[in-house]
C-alpha cells in the first residue's frame, strides 16, 4: 500500500454474476487504416442474454466499431440494444481490450476455427454500462460492470458481472 496517510483500505473489488450474452455478428465492414489505426465494424445481427435477474434478446442494429492498433490489439467501442423478456429496452455500451499473443495470431485469423481456441489463451475484457427508462431495471443505470469475452461460432459471447 502507498505510504501516503490519505490512502485507505477500501477492500477488494467484488462482483456478482449478471448475465451471459451471445451476440451474433454480421460480416465485418473494414474501413481500412486511418490516422489512429484500422477501423472495422462488427455489426450485431441478434443474439440473447440470460441471468438470474434479467433475460432477453439482442436486437439487430448495434455493433462494435473496433479499432486495431498497429500492435494488433483491438479497442472495443460497442453499442447494443437489449430487449428484456418483459419488453423493456436496455442501451448497453462498453469499451474494452482484446489482445492475442503472437503465437495465436495465425490460428485466430481463421474464421472457421478461431472460436475453438481456448479463451484463457487470449485477453478479452470489457466494461459494460447501461441506460434504461424502465423502472424495473433502473438499478442498471447506476451499475458498473465487467465482462470476459470469448469467440463463438458466428459471433462473440461475454460473461458479465456487476461490481458490488
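The values are calculated or read from the model by the stated rules, or taken from the named source; none is laboratory data. Not measured: the values here are computed from a predicted model. Cβ: placed from backbone, ideal geometry, glycine included. Neighbour counts: every protein chain shown.
The set of residues in the stretch 135-164 being over 17 Å from residue 79 (Cα atoms) and either touching a helix residue (DSSP H, G or I) at 6+ places or on another chain (Cβ under 9 Å) or modelled with pLDDT under 95 (or both) consists of 150, 151, 152, 153, 154, 162.
Of all the residues that make up the stretch 78-96, how many are over 9 Å from the mean Cα position of the chain (by Cα) and in contact (Cβ under 8 Å) with a residue 12 or more places away in the chain?
So the first thing to find is which residues in the stretch 78-96 are over 9 Å from the mean Cα position of the chain (by Cα), and the list is 79-92.
Those left that are additionally in contact (Cβ under 8 Å) with a residue 12 or more places away in the chain: 79-86, 88-92.
Counting residues in the stretch 78-96 that are over 9 Å from the mean Cα position of the chain (by Cα) and in contact (Cβ under 8 Å) with a residue 12 or more places away in the chain gives 13.
Pick out the one residue from 80, 41 that is in a strand (DSSP E or B), more than 18 Å from residue 152 (Cβ to Cβ) and touching a strand residue (DSSP E or B) at 6+ places or on another chain (Cβ under 9 Å).
41
Within the bounds of the stretch 118-128, is there any residue that is exposed (fewer than 15 other Cβ atoms within 10 Å of the Cβ) and assigned to a helix (DSSP H, G or I)? Yes: the stretch 118-128 contains one or more residues that are exposed (fewer than 15 other Cβ atoms within 10 Å of the Cβ) and assigned to a helix (DSSP H, G or I). Does the stretch 99-112 contain at least one residue that is crowded, with 17+ Cβ neighbours inside 10 Å, in contact with a helix residue (DSSP H, G or I) (Cβ under 7 Å, 6 or more places away or on another chain), assigned to a loop (DSSP other than H, G, I, E, B) and at pLDDT below 95? So far as the stretch 99-112 goes, yes, one or more of its residues are crowded, with 17+ Cβ neighbours inside 10 Å, in contact with a helix residue (DSSP H, G or I) (Cβ under 7 Å, 6 or more places away or on another chain), assigned to a loop (DSSP other than H, G, I, E, B) and at pLDDT below 95.
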